[in-house]
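Here, each number is a calculation from the coordinates, and none is a lab measurement. Just so you know, these numbers come straight off a predicted model, no measurement behind them. Cβ coordinates were reconstructed from backbone atoms using ideal geometry, including for glycine residues, and neighbour counts include every protein chain displayed.
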Amino acid sequence: MNEMSELRKQNIAVTGGAGFIGSHLIERLMKMDNQITVFDNFSSGIREFLEPFQGHENFTLVEMDLLDAALLEERLKGYDWVFHLAANPDVRLGASNTYVHLEQNVIVTYNILEAMRKNGLDKIVFTSTSTVYGEADEIPTPEEYGPLIPISLYASSKLASEGFITAYCSNFGMSSYLFRFANVVGPRSTHGVIYDLVNKLKKDSATLEILGSEPGTQKSYLYISDCIDGMIFACENSCEMANIFNIGSRDHISVKTLANSVCEAVGLSKVSYRWTGGVDGGRGWKGDVKIMLLGIDKLKKLGFVPAYGSSDAVLKTAKSLVE
Ligand SMILES: NC(=O)c1ccc[n+]([C@@H]2O[C@H](COP(=O)([O-])OP(=O)(O)OC[C@H]3O[C@@H](n4cnc5c(N)ncnc54)[C@H](O)[C@@H]3O)[C@@H](O)[C@H]2O)c1
């Protein structure tokens, strides 16, 4: 057991801080009076997301590619915590490019761990995913579910990274927080189904193409504020060597329900849906999990419950993307 620590007045490195989740995380950590350094190469990150922090005495940006292990070792020094969010999060990509998730997710995580080991850093927070469970036959799926059989290369890269992280913790006296998120949604989303549907409706408000077969997959959508609150709560209230937590909403909804909410947010009531039929019996794409709902009792027992259900999370997100 390690000591419990508060996320205040800490020196924190955030990889992928210019991304969707990262930019919300640093906003919160800055408000909590921490010293933040963002490591990002802007491959999918957006410069404007960091504008509110530029020039602040508690904020530093290191623009670099985390594949550069030597530079990383030089720069990743003196931090109390490393929040490692940088990754290629595009699940669909793995079916056409088999290297990208190995490189951007596994090798980059290894580089972070090596730099931490060499520089004596000992606390890592990692953003993993519900997809590590594969097609679980226990719904809601708790953290101890197994065996874990990922069905996308993205999921396998996250599971591999989790393994590297816990092994580094065990071998080199580090501790880790591994968060398996449901689909995270909210303002500043730059990818995912809501983002796709809103953009399609902007181009064609009469017909909406939806990947898969009606009513689509059934998944949990987690609002970004719940995602950030859950992470911070767990970091401050759990202190094992490997702290593994699901963070998801309490319910799951179909893509059809989600599409109805998106249309409502856009202000359209007579859109006709054109389902593509999908692959492998109605999945949106190869490697798409059909049913996902995470068990969140572990975090609940510690005292954290998400504020939003999936439908509210989707509606709020779609409205923000329309604006
Ligand atoms: N969004 C979700 O629904 C979701 C769900 C589960 C897990 N996650 C995980 O959460 C994390 C953040 O996701 P997001 O949705 O904010 O994605 P994002 O694409 O918005 O953010 C990823 C960030 O990492 C940076 N990055 C990527 N490769 C890099 C490299 N080699 N060097 C430096 N910077 C690099 C990108 O520029 C970007 O700023 C990812 O690890 C993702 O796998 C996301």
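Some points to look at:
- Relative contact order of the range 74-183, pairs being alpha-carbon contacts under 8 Å that are 6 or more residues apart, as %: 34
- The chain shape via C-alpha gyration tensor axes, a/c threshold 1.5: prolate
- Multiplying the residue separation of N171 and R117 by 0.36 nm and subtracting their alpha-carbon distance yields 18.4 nm.
- Taking 7 Å steps out from each Cα toward its Cβ at F42 and E74 produces label points 2.0 nm apart.
- Pairwise Cα separations in the range 212-323 fall into 10 Å bins from 0 onward with the following percentages, short to long: 14, 35, 32, 16, 4, 0.
- For the chain, the dipole from Cβ point charges (+1 on Lys and Arg, -1 on Asp and Glu) about the Cα centre works out to 680 debye, to the nearest 20.
- Within the range 27-95, the GluC sites (Glu not before Pro) that combine a DSSP coil assignment with at most 15 other C-beta atoms in a 10 angstrom radius are E57.
- Of the residues S311, G17, T37, the one whose Cα sits farthest toward the positive end of the charge dipole of the chain, with +1 on the Cβ of Lys and Arg and -1 on the Cβ of Asp and Glu, is S311.
- Backbone N atoms of the range 88-107 closer than 14 Å to the 7 Å Cα→Cβ label point of D280 belong to residues 91-96.
- Estimated FRET transfer efficiency when R0 is 22 angstrom, pair A206-T257 (beta carbons, to 0.05): 0.60
- Here the spin labels are modelled as points 7 Å beyond Cα on the Cα-Cβ line, and at R250 and H191 they lie 3.1 nm apart.
- If R0 is 25 Å, the Cβ-Cβ spacing of I139 and K301 corresponds to a FRET efficiency of close to 0.80.
- Using the Cβ-Cβ distance between Y99 and S269 with R0 set to 35 Å, the FRET efficiency from 1/(1 + (r/R0)^6) comes to roughly 0.20.
- Antiparallel %, DSSP beta bridges [both residues in the chain], to 5: 5
- In this structure, the amide hydrogen of L178, modeled 1.01 Å from its nitrogen in the peptide plane, lies closer than 5 angstrom to those of F126, N243, I244, F245, counting only residues at least 5 positions away or on a different chain.
- Under 26 Å of direct C-alpha separation, and excluding same-chain neighbours fewer than eight residues apart, K316 reaches these lysines: K31, K200, K202, K203, K219, K256, K270, K290, K300.
- Using θ = phi - 60° and Karplus 6.51 cos²θ - 1.76 cosθ + 1.60, couplings along the range 156-162 (whole Hz; Gly, Pro as x): 5, 5, 6, 5, 4, 5, 4
- Each stretch of four or more DSSP H residues adds -39500 (n - 2.57); spread over every residue of the chain, this sum gives -10500 deg cm²/dmol at 222 nm.
- Relative contact order (percent, whole number), the chain, Cα cutoff 8 Å, 6+ residue spacing: 19
- The range 265-313: trypsin sites (Lys or Arg not before Pro) falling in loop per DSSP and having at most 11 other Cβ within 10 Å: K270
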